Amino acid sequence: MTGAAGNSPSGTPVDTPDYDIGRSARCPLDPAPAMRARQAEGPLTRVRLWNGTLAWLVTGWEEHRAVLSDQRVSVDPFQPGAPKLSPGEVETIDRLKKQGKRSTGTSFIMMDDPEHARLRRMVTSAFTIKRVEAMRPPTQRITDDLIDKMLDGPKPTDLVEAFALPVPSLVISNLLGVPYDDHDFFQSNSKTIINRNSTAEQRMGARQRLSEYLDGLLAEKLVHPAEDLLSGLAERIKGGELSREEATEMGVLMLFAGHETTANMITLGTLALLRHPDQLTLLRDAEDPKAIALAVDELLRYLTITHGGLRRAAREDIEIAGQVIRAGEGIITVNETANRDPLVFPDPDRLDLTRDARRHVTFGYGIHQCLGQPLARMELQVAYPALLRRIPTLALAADLGEIPFKHDGFVYGAYELPVTW
């Protein structure tokens with residue numbers, strides 16, 4: 001996304017060539033300086049996107065929450081004015097419209113109520129605190145087994161492949177009832193979907209392959225149900241509460257969202273801790289589960305892996321920060337700057353694991369906030385301490401400039417993280 005940031009007195013966008021929603025060149029864990037500059041100018045800014053269309057950029061924490069909790073704002077990408085961040089996105093929506101479809105295949109996360117609420121409540125029970133806590137012991141076993149393999153293997157090693165990606169992939173596979181042996185297939189297709197440079201053909205092809213895969217698994221669960229989430233969806237199909245297509249889309253959503261996001265947080269969180277050894281020591285030595293939970297929320301705030309902002313379109317005129325956003329205008333709420341708002345998080349560029357950062361917006365806010373956040377938090381609370389305690393001499397095996405970051409993705413992370421001990 002390039003172009004304008006800042007308003008003239010008439011409210012027309014003013015071109016700012018250095019505008020970028022990426023990360024800082026100085027430290028890829030920080031938001032781009034230009035984004036922080038926009039935040040310093042005010043919480044709401046008119047911007048010009050890559051294709052010349054205009055949108056409102058929301059960088060303030062309070063305004064971020066106001067937009068995301070307003071029922072007059074739509075998450076539907078088919079709505080007039082809904083921002084698109086790449087040519088592939090535009091082409092994908094255009095193709096779907098020509099096919100007479102009103103869904104991107106990402107299930108309820110791109111739907112407004114009442115359809116959003118109807119579908120979301122079908123799976124809410126699987127992500128309650130009680131259900132997630134019951135998964136903590138098996139998650140600990142998965143984590144310890146992977147660390148055992150790391151310690152027995154060669155070094156340096158890639159933390160992404162050896163640990164960060166397998167942990168959530170195994171957990172979500174067990175939860176859904178998906179064979180982990182197929183992880184290469186669903187991981188590679190997930191990467192295509194969230195890559196901003198993917199063409200419409202590539203993105204739709206990857207989604208179609210995942211849909212066919214999940215539909216096949218649902219067919220098995222309809223005949224031979226088990227104790228897993230896909231079997232629960234199959235029961236709802238039998239009961240007439242869900243269509244086969246709806247259940248398939250929900251399975252695709254939970255499979256790819258359930259491993260890709262947490263894997264990137266494990267990777268970036270480990271990198272951030274290795275670059276802040278005092279904070280690493282705090283987390284490694286923490287015994288109180290509440291202290292570990294606070295540390296995880298601070299890492300979630302500091303890193304904010306949702307990349308490119310949460311996109312909305314106003315269905316009616318609304319007023320935010322004294323500015324009227326007209327019906328049909330696009331809005332981008334930028335998580336990484338909202339989470340660095342100094343009005344809410346003092347000294348926001350400092351990683352402080354003793355900070356109470358629970359008000360961060362990494363998981364969004366309002367009715368569309370991430371359904372799987374209890375699961376993600378639990379996995380991170382298990383993964384970080386286990387890794388740091390069992391490998392106390394863990395160290396980077398590459399300079400920061402040599403690490404390939406995911407600047408091309410809607411979910412931020414690193415493709416590789418070489419480590420040694």
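Once the Cβ-Cβ distance of ALA219 and THR124 is raised to the sixth power relative to R0 = 30 Å, the FRET efficiency obtained is 0.75. Other residues whose C-beta falls under 11 angstrom from the C-beta of MET135 contribute a net charge of +2, scoring Lys and Arg +1 and Asp and Glu -1. Take the alpha carbon gyration tensor of the range 234-333, find the square roots of its eigenvalues, order them as a ≥ b ≥ c, and report rounded if a/c is under 1.5; if not, report prolate when a/b exceeds b/c, else oblate. It comes out oblate by the Cα gyration axes.
Relative to the current alpha-carbon distance between LYS290 and ASP94, full extension at 0.36 nm per residue lengthens the span by 65.8 nm. If R0 equals 22 Å, the separation of the Cβ atoms of GLU201 and TYR415 corresponds to a calculated FRET efficiency of about 0.45.
For the pair the range 351-421 and the range 150-173, the centres of their Cα atoms are 14 angstrom apart. Here the spin labels are modelled as points 7 Å beyond Cα on the Cα-Cβ line, and at GLU227 and ARG72 they lie 5.0 nm apart. Here, the range 148-256 yields an orientationally averaged convex hull projection of 8.1 nm² when only Cα atoms define the hull.
Under a 10 Å cutoff between Cα atoms, tell me which one of PRO83, PRO166, PRO392 has the largest fluctuation in the Gaussian network model of the chain. With Cα springs under 10 Å in the chain, the top fluctuation among PRO83, PRO166, PRO392 is at PRO392. Which whole-number percent gives the relative contact order of the range 64-122, counting Cα pairs below 8 Å spaced six or more residues apart? Worked out over the range 64-122, it gives 29 percent.
Counting only DSSP H runs of at least 4 residues, each contributing -39500 (n - 2.57), and dividing by the residue count of the chain, the helix-based mean residue ellipticity at 222 nm comes to -14500 deg cm²/dmol.
Taking a sphere under 12 Å around the Cβ of VAL344 and counting the other residues whose Cβ falls inside, with K and R at +1 and D and E at -1, yields a net charge of +1. A simple count of charges around ILE367, restricted to other residues whose Cβ falls under 14 Å of its Cβ and scoring Lys, Arg +1 and Asp, Glu -1, yields +1. Based on C-alpha pairs under 8 angstrom that are at least 6 apart in sequence, the range 40-197 has a relative contact order of 13 percent. As a size descriptor, the averaged projected area of the C-alpha convex hull of the chain was calculated at 19.7 nm². For a straight C-alpha distance cut-off of 14 angstrom, the aspartates and glutamates reachable from LYS101 (same-chain residues fewer than eight places away being disregarded) are ASP76, GLU91, GLU245, GLU246, GLU249.
Among ILE266, ILE320, ILE305, the largest mean-square fluctuation in a Gaussian network model of the chain (Cα springs under 10 Å) belongs to ILE320. Summary value for the chain: 24 percent relative contact order, contacts being C-alpha pairs under 8 angstrom separated by 6+ residues.
Since every read-out is calculated from the coordinates, none of them should be taken as a lab result. Values in this document were obtained by computation on a predicted structure and should not be read as measured data. Every residue, glycine among them, receives a Cβ derived from its backbone with ideal geometry; neighbour counts consider all protein chains shown.
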